[in-house]
Amino acid sequence: MVDSTNKSIMKSINNNTNKSAVVRKNELLKNEIEDFVKKSERPLSTSDITILTKKAWHTIDRTCLMLQIEGKIEGFKVGKMNLWRVK
């Protein structure tokens, strides 16, 4: 009985640790993207940011959308391209 309780406690600890690490990485990525957009003289496309951060396009696009919801950057479309600038 004690072994199963210990296992469930350890799983809980591991899950909480993993979630916090993911949150920290996500916040770091948000800060990195925000810095690139602030320093740029022109709007950056999702592809531009992908090259700068060396992350997947989908990851960058979703993170930029989250930043837009938070009111930190502004996004707009030109054709099929997403562009991002400081709000």
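Readers should treat all values here as calculations from the given coordinates under stated rules, not as data from a laboratory. All values reported here derive from a predicted model rather than from experimental measurement. Glycine gets a Cβ as well: all are built from the backbone with ideal geometry, and neighbour counts include every protein chain shown.
Observations, loosely collected:
- Cβ-Cβ under 6 Å pairs, at least 6 apart or on other chains, segment 63-87 side over 20 Å from VAL23 (Cβ atoms), far side of a type in the set (Phe, Trp, Tyr): GLY75/TRP84; LEU83/PHE76
- Hits in segment 31-50 (condition: surrounded by fewer than 18 Cβ atoms within 10 Å (Cβ to Cβ) and either part of a helix (DSSP H, G or I) or of a type in the set (Asp, Glu) (or both)): ASN31, GLU32, ASP35, PHE36, LYS38, LYS39, GLU41, SER47, THR50
- Of all residues in segment 66-87, those that are aliphatic (A, V, I, L, M), in a strand (DSSP E or B) and surrounded by 12 or more Cβ atoms within 10 Å (Cβ to Cβ) total 4.
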